[in-house]
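What follows is calculated from the coordinates using simple rules that are stated; it is not laboratory data. Fair warning: this is a prediction, and the values are worked out from it, not measured in the lab. Ideal geometry is used to build each Cβ from the backbone, glycine not excepted, and the neighbour counts take in all protein chains shown.
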2 protein chains.
Amino acid sequence: MKIEIAKYSGYCFGVKRALNMVEKTLEKYSGSGKKVYTLGSIIHNPGVVIELSSKGLISTGDPEDIEPDSIFIVRSHGMSPKVLKRLAGKNIEIIDATCPFVKKAQAKAKKLEEQGYFVVVIGNRDHPEVIGIKEHVSGAGVMVIEDISEASAFLNKKKVGVVFQTTQTADKVKEIVSELIDKCRELIIYNTICDTTKNRQDSTRKLSGKVDIMIIAGGRNSANTTHLANISSSENSRTYHIESSDEINPEWFKGSEKIGISGGASTPEKDIIKIKNMIESIDS
Amino acid sequence: MKIEIAKYSGYCFGVKRALNMVEKTLEKYSGSGKKVYTLGSIIHNPGVVIELSSKGLISTGDPEDIEPDSIFIVRSHGMSPKVLKRLAGKNIEIIDATCPFVKKAQAKAKKLEEQGYFVVVIGNRDHPEVIGIKEHVSGAGVMVIEDISEASAFLNKKKVGVVFQTTQTADKVKEIVSELIDKCRELIIYNTICDTTKNRQDSTRKLSGKVDIMIIAGGRNSANTTHLANISSSENSRTYHIESSDEINPEWFKGSEKIGISGGASTPEKDIIKIKNMIESIDS
């Protein structure tokens, strides 16, 4: 049995940077009595979240829970500037770990609004990154489009500006944008899909097409990992999306020669290695 | 037999305006000894071209043929500003009958170039309107894309700006634009398809879907009439594109109850009426 890991796989630049900032912050304030918070999971990977929680990181769902005089880390997905302003007013130190690619999408959305465009964010409505981008546009002139049916229902507007959730697939955004073309006079599109996402998708597509079985490792709540799993499934019906090596079923690999592994942008390398080792142990 | 003419059919605003300017110019200079020229056919309708030629309008293919101290009418399709400048230098009076919608597409292409975009014109490479729009962009940063295969071959560029030939179909431009989306970081699209074109296409589609036979009247060299014929054919296999009532074959209508007629933007109303009368005469 031959196991190959996708050329681009695992932690992306933005996730590495955010985790690094978290580690440094926890170290700096260790023993100071100051609490260190994030709003929601720092990254969409349950294993990593548990590990950081054991080191003192408090993940809360409600900004009102964050105590004054504490430390607050903006996660890689970014967040609403309104909420951030409220926190800063409570004498909370803000450490901004927003992925620079997400920051760019936020800035483009804001600029489009200033230039008089109605802003469309193509992405998953409930994803924190999309919520954050949307909230960078202050007025009512913004909406999220998730799929082709929502794009078909879009009402004509003169000037429309579009940004993408950084982890969308090219096929999905193409489908949606083409619905908008004849519904406005002027359409400006900022392709804010990050290169990391594109590279991971391309190398997963390539690998899954040439193996018998494909394993996609990463959080089920991770948008980019789920996209990788969908891409892989469309190339290879024997695709399994797992969160950890514990989920591996030796039965999957019976009679298989070539196994591929890919991991989302929030999947630690050690998880991928562990999966590889586990499959090898089945083989022998 | 019931005959219905499409709600939007025949001469568009731009064509009417251009023909009006030609008539007025011919009248004004009649007997003055001054020659009145156009470059190519004033509109893409052979019948109209012959009629105006009998009134004195000279249609030439080569700008060098145009004599000094004459009158030159820029046709509704517009033209290259370079050629126009050369003519003006020869003491030729220029009367600009460029359709205002085409002028808008030319201006948008020029503006895009000034703002640093690589300009893409989606349209028929050899159509005078497209040649004219293209030549409003002075540098090398412009190309025409005719179909999806050319769009697929498009090489990545950072900033791309797109305008459409005014008579393109929405489906065609959607297909091409969606190919460009992930080939640039920033894509701005000016939807320069004119409302007239859209209305004619929509009403032709609607009518051809509910009749037994559909007649599309207009020049075979007319881009917009050919698009109407294609749209109609996809809804109704019994579609006939004719240039004049002489081409009508009574056999077509045997056993038919409902007949639809539509005409391109350069088709005179009298041609459409003549076709209607001819079909009625077959019926009786």
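Within segment A:222-259, the trypsin sites (Lys or Arg not before Pro) that combine a DSSP coil assignment with at most 13 other C-beta atoms in a 10 angstrom radius are A:Lys254.
Give B:Lys7/B:Lys276; B:Lys82/B:Lys111; B:Lys16/B:Lys258; A:Lys183/B:Lys198; A:Lys111/B:Lys183 a once-over and call out the pairs whose C-alpha atoms are over 19 Å from each other.
Numbers: B:Lys7/B:Lys276 14 Å; B:Lys82/B:Lys111 17 Å; B:Lys16/B:Lys258 30 Å; A:Lys183/B:Lys198 12 Å; A:Lys111/B:Lys183 22 Å.
Too far apart for the 19 Å limit: B:Lys16/B:Lys258; A:Lys111/B:Lys183.
In this assembly of identical copies, the label point of A:Glu64 (Cα plus 7 Å along Cα-to-Cβ) is separated from its counterparts by 8.3 nm, sorted shortest first.
For B:Arg86 and A:Glu114, what is the calculated FRET efficiency with R₀ set at 51 Å and r taken between the beta-carbons, to the nearest 0.05?
Numbers: r = 43 Å, r/R0 = 0.84.
The computed FRET efficiency comes out at 0.75.
Of all DSSP beta bridges confined to the protein assembly as shown, the antiparallel ones make up roughly 5%.
Each copy carries A:Tyr29; placing its label point 7 Å along the C-beta direction from Cα gives inter-copy distances of 8.1 nm, listed from smallest up.
Does segment A:224-273 come out rounded, prolate or oblate by the C-alpha gyration tensor, with a ≥ b ≥ c the root eigenvalues, rounded set by a/c under 1.5 and, if not, prolate when a/b is larger than b/c and oblate if not? Walk me through the numbers on the way to the answer.
Working: a/c = 1.97, a/b = 1.19, b/c = 1.65.
Oblate.
Under conditions of 25 °C and 0.890 mPa s, segment B:195-250 yields 217 µm² s⁻¹ as its translational diffusion coefficient, taking Rh as the Kirkwood radius over Cα pairs in the Stokes-Einstein equation. 3J(HN,Hα) along segment B:90-103: 9, 6, 9, 6, 9, 10, 9, 9, 4, 4, x, 6, 5, 4 Hz, from the Karplus curve 6.51 cos²θ - 1.76 cosθ + 1.60 with θ = phi - 60°, whole Hz, x for Gly and Pro. The 3J(HN,Hα) values that the Karplus relation (6.51, -1.76, 1.60; θ = phi - 60°) gives for segment B:29-45 are, in residue order, 9, 4, x, 7, x, 7, 8, 10, 10, 10, 9, x, 5, 4, 9, 7, 8 Hz. Gly and Pro appear as x.
Which trypsin sites (Lys or Arg not before Pro) does segment B:81-154 hold that lie in a coil by DSSP with at most 15 other beta carbons within 10 Å?
On the way: sites: B:Lys82, B:Lys85, B:Arg86, B:Lys90, B:Lys103, B:Lys104, B:Lys108, B:Lys110, B:Lys111, B:Arg125, B:Lys134; in loops: B:Lys90, B:Arg125.
For trypsin sites (Lys or Arg not before Pro) across segment B:81-154 that sit outside H, G, I, E and B with at most 15 neighbouring Cβ atoms in 10 Å, the list reads B:Lys90, B:Arg125.
The same position B:Glu51 in the other copies lies at 8.1 nm from this copy, comparing label points 7 Å beyond Cα toward the beta-carbon, shortest first.
For chain B, take N as its residue count and report Rg(C-alpha) divided by 2.2 N^0.38 Å. Working shown, then result.
On the way: Rg = 20.5 Å, N = 284, 2.2 N^0.38 = 18.8 Å.
Compared with the compact-globule rule of thumb, chain B sits at 1.09.
Quick check on segment B:179-284: what does the Kirkwood estimate of hydrodynamic radius come out to from the alpha carbon pairs, in Å? Each step should come with its number before you reach the end.
Numbers: mean 1/r = 0.0669 Å⁻¹.
Result for segment B:179-284, one decimal place: 14.9 Å.
How would you classify segment B:1-81 from its alpha-carbon gyration tensor, with a ≥ b ≥ c the square roots of the eigenvalues: rounded for a/c under 1.5, else prolate if a/b is greater than b/c, otherwise oblate? Prolate shape, in that a/c is at least 1.5 and a/b is the bigger ratio.
Let me know the whole percent of all Cα-Cα pairs from the protein assembly as shown that are separated by more than 32 Å. Value for the protein assembly as shown: 59 percent of Cα pairs lie more than 32 Å apart.
For segment B:101-193, the mean projected area of the C-alpha convex hull, equal to one quarter of the hull surface, is 5.0 nm².
Just subtract the alpha-carbon distance of A:Ile148 and A:Ile95 from 0.36 nm times their residue separation and send over the number in nm, one decimal.
Working: separation 53, 0.36 × 53 = 19.08 nm, distance 3.70 nm.
Working it through step by step, the gained length comes to 15.4 nm.
Averaging Cα coordinates gives a centre for segment A:61-125 and one for segment B:1-43; these two points are 59 Å apart.
Model label sites at B:Asn20 and B:Tyr240, defined 7 Å from Cα along the beta-carbon direction, differ in position by 3.4 nm.
Look at the Cα gyration tensor of segment A:1-138: its axes a ≥ b ≥ c give a/c of at least 1.5 with a/b at or below b/c, and that counts as oblate.
Taking R0 as 41 Å, what FRET efficiency do you get between A:Glu64 and A:Lys2 from their Cβ-Cβ distance, rounded to the nearest 0.05? Don't skip to the end; give the middle numbers.
Numbers: r = 53 Å, r/R0 = 1.29.
E(calc), rounded to 0.05, equals 0.20.
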